[in-house]
Amino acid sequence: MNLARLLSLTLLALPAVATAQDYTPKFARVEQRASVLDPRLCHKPEWPRELLRNLDQGVTTLRFQIAPTGKLVAMDVARSSGFAAFDKAAMVAMEHCSFRPGSVNGVPVQSSFFIQFVWAFR
């Protein structure tokens, strides 16, 4: 069997594998809603003193997983600000937030989302 024929057989097999997962017909309507964070129910993060003294700035991106009950299941730093103190301050502030879970067709589901903390002087 030559190489060109082997490659064409491999490429033909890939779409069948890719479309077998989570197939939703085009005529079916799926309503999805993202998790919602209520900023009024969160603590504002404190600027770490050692970083404030040095006028350090950065952006921390956190990733959350929210249970169907609205409870925080997991949280991690998706992208660091470059300063561990900024990242930790953002996580501490978010531990006390209130969340509303995501949903599919009105049924609460576990979902994930990202949020950014911009540590900058204006």
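Laid out as a table, the results:
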quantity	calculated
Cα-projected label distance for His43 with Leu72, points at 7 Å along beta-carbon direction, nm	0.9
Relative contact order [Cα under 8 Å, 6+ residues apart], the stretch 33-119, whole percent	44
Convex hull volume of the stretch 33-119 per residue (C-alpha atoms, cubic angstrom)	78
Calculated from backbone phi, Karplus (6.51, -1.76, 1.60) coupling profile of the stretch 89-97 in Hz, x at Gly/Pro	4, 5, 5, 4, 5, 7, 5, 9, 7
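Here, each number is a calculation from the coordinates, and none is a lab measurement. None of these values were measured; they are calculated from a predicted model. Glycine gets a Cβ as well: all are built from the backbone with ideal geometry, and neighbour counts include every protein chain shown.
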